[in-house]
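The values are calculated or read from the model by the stated rules, or taken from the named source; none is laboratory data. In this text, all values refer to a predicted model and were calculated from it rather than measured experimentally. Virtual Cβ from ideal backbone geometry, glycine too; neighbours counted across all protein chains shown. These area figures cover heavy atoms from the full protein model, side chains too; ligands, DNA and RNA do not enter into them. Shrake-Rupley method; radii C 1.70, N 1.55, O 1.52, S 1.80 Å.
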Amino acid sequence: MSKFLFLLFLFCTDLYFSQSVNEFRIPDSLKNKTFDQLEKSYGKEFRVDHKAILYANTFLSKAKNEKNNIKQIDGYFLLFTKSKKNMQYVDSIKNVINKSSNIDDLSYGTYKIGNIYYNSSRYDQALSSYLQALDFAKKNNNRKNIVLIRNVIGKIKYLTYDYEEALKIFEENYNYIRNEEEKDPNNYLAILYSLTIAYNAVGKHDLAYEYANIGRAKCLVYNKKYYFRAFDLACHIIEYYLKDNQQSINGLKKNIDYFKKYDSTSLGMTYMYLSMNFQKLDNKREYFYYFNKMDSMQKRISFISPDLIGLYKNSLKYYEEEGNKEQQVYLIDRLIKLNDTIYASNYKFAKEIHQKFDTPELLEQKEKLILNLDKRNTVLYWGLGGGLLLLFLFIYLYITNQRKLKLYRIQAQKLIDSDNKSLLINELGNSEKLGPESQTIQINEMLNDEKVNKAKNQIPENVREALILKLHDFEEQKLFITNNITLYSLSKDFETNRDYLSKVINEIKGKNFSQYLNELRINFAITELKENKKLRLKKIAVIAGDAGFNNVESFTKAFKQITGTLPSYYIKILQENDV
């Protein structure tokens, strides 16, 4: 899309600046107006100078009274837009930011000074101001200011025909501003417009048309009439590139009266695209009608676009075919001037923006990449170190596990090799001698031993003797494989109390009730597994249940504590030995 279309929207954002006169007094009718209300009234009455200046001065006076630096800057810019490029407002904004130590004020004010320079065609100074403002914004990490400043730099890139690079900036900015749409509709629309015409410039016309229509709809939502005209004009220009020439013509013609009254640049652009549409339709009469209007406007307001060159060359070709020398000379002269304006003037500026913006941006990007690489290398080193540590840990655990498994095999083999009638637990890592569950308790010996210790005990002798006999029967009849046996339940079965039973087991067996019960059950399981090959084929849970355990975990834990191996290894060795 043409360059001057971009100029329409370059600084139509919600970040305005203004300046007032010291003697100005706010009218009573405006004293209670908010900044937003005054700004809207200014925009509405922009074409009526005295009314627009009244609102601008009121805006600025209110900002001064409230000592609001940002709004003072806005007020000065509002007045600048009505001052016919009065550069005194640069000094006014500088006075505001020089009195402030707030870096956001410095960034914002310098950015707006850049806008003043740009609108005054002082492009070198504008670019310097923008870059300075960008530095301030980056120091304070002000995301919004960074986006707005980069956006105007993207616009400069667009005006120097670096469309691809401009589009990258606009896409990044749009990703940010679309989340701020409701809070900041003006900047949202400005950046959306930038994105729209950039897509059209790189040939993505369908996408450009989609965004242009989104822009028109959003303008209606936020009641932004001027923005609506800009998006509407963009829509009809894009229709030309989509080869919908008649629709483009109809839409462009509808805007002519409005642009005649309010916007000469847009009027020139409208004439240019009407001429181009009629050229495509091979309507020579209408083509020259709008070409001549466009040529007249171009000489008066000097709008520029690369498409102008092609349009003038096409007209020159028509006159060459007609043999009209006078018109040929005129158009050649116009082409020479346009070439100088469009290409020669932009070459220096394009080179400068490359040196002052692109190169520093690339260097900053390079530094970030190097920093990221350093971080990645650090993470990589830590990762390798951690990986090696995990590897060593895995190897250690593997070796430890293998040793443990080897020990399990050895213990299981010892268990198999032990005498069927007497399992020597001390050989299996336990200090106690544990006879099989069928071993007869030497009652007489126990009773004699108990008489020796009689003085030490508080249990009546008859009770003690009865409990010893009942424990013998308990073992012989394998009552211990009953599930859910507890000290309380067994004492109840023995018709005694818990303390008596616990003391007798502790004194006679040398262990507590839980140890005593587990050893009886484990010895039962060992014997059954040795003698019953079918039992080995069952699951561990079944074997555990048959031995009186409620679950596999308690059975396995008790088996390991007593034998030094696992039931699964014991069964495996039994099967290997075919015992």
Site LYS183, offset 7 angstrom along Cα→Cβ, radius 15 Å on amide nitrogen, limited to the range 59-75, gives none
Averaged per residue, the 1.4 Å probe accessible area of the range 461-577, protein heavy atoms only, in Å², is roughly 50 Å²
Everything considered on the Cα gyration tensor (a ≥ b ≥ c; rounded for a/c under 1.5, else prolate if a/b is larger than b/c, else oblate), the range 243-298 must be described as oblate
For the range 243-298, the per residue accessible area (1.4 Å probe, Å²) is 47 Å²
By the C-alpha gyration tensor axes a ≥ b ≥ c (rounded if a/c is under 1.5, else prolate when a/b exceeds b/c, else oblate), the shape of the range 461-577 is prolate
Per the C-alpha gyration tensor (a ≥ b ≥ c, the square roots of its eigenvalues), the range 153-270 is rounded if a/c is under 1.5, else prolate if a/b beats b/c, else oblate; here it's oblate
Expressed in nanometres to one decimal, the distance between label points 7 Å along Cα→Cβ at ALA466 and LEU384 is 7.9 nm
Cβ-Cβ cut-off under 12 Å around PHE80, Lys and Arg +1, Asp and Glu -1: the net charge is +2
Check: C-alpha center the range 213-265 vs C-alpha center the range 105-121, spacing in Å is 29 Å
Length gained if ASN68 through ASP104 is fully extended, taking 0.36 nm per residue and subtracting the Cα-Cα distance, is 11.7 nm
Computed over the range 56-188, protein heavy atoms only, probe 1.4 angstrom, the accessible area per residue in square angstrom equals 41 Å²
Distance in Å, no decimals, from the C-alpha centre of the range 275-315 to the one of the range 392-407 is 87 Å
Toy charge model, Lys and Arg Cβ at +1, Asp and Glu Cβ at -1: the range 243-298 dipole around Cα centroid in debye, rounded to 20, equals 100 debye
